[in-house]
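Colleague: My questions will all concern the structure given below.
Since every read-out is calculated from the coordinates, none of them should be taken as a lab result. What you see is a predicted model; the values in this text were computed from it and never measured.
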Amino acid sequence: MQTVTLESLQQKAINVLNVSQEDFLKSSIRSLLQEKLRSINIERIATCRKYNVTSIEELDNLIREGKVNEFLVDEDFQHVDFLTWKVKELESLIVEPD
């Protein structure tokens, strides 16, 4: 069985796609970031839906208004806060190719 190295697989893909190595790498990184961004956004939205909100700010407002118990939603609040931060971080990394 022939072992395929990352370099040989990359070179084959570059040849098949007829793109430069730089374009291939930019496109690959961008695709990976977009895939992770979609996945994290789905998780963030699903957690927010538990409380009929769409953002950390709306969830915070529910807590401030006393509509949900802060102690009961604390774990979800922290999770949504982290996911919101992660989304912003990933979005800042996704740059249009030159």
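Colleague: Nearest 500 deg cm²/dmol is fine: what mean residue ellipticity at 222 nm does the chain get from its DSSP H runs of n ≥ 4 alone, each adding -39,500 (n - 2.57), divided by its residue count? Each step should come with its number before you reach the end.
Modeller: On the way: 4 runs with 74 residues, N = 98.
Computed mean residue ellipticity for the chain: -25500 deg cm²/dmol.
Colleague: From the square roots a ≥ b ≥ c of the eigenvalues of the alpha-carbon gyration tensor of segment 6-93, which class results: rounded (a/c under 1.5), prolate (a/b over b/c), or oblate? Let's see the in-between values first.
Modeller: Details: a/c = 4.55, a/b = 4.14, b/c = 1.10.
Judged from the Cα gyration tensor, segment 6-93 comes out prolate (a/c at least 1.5, a/b above b/c).
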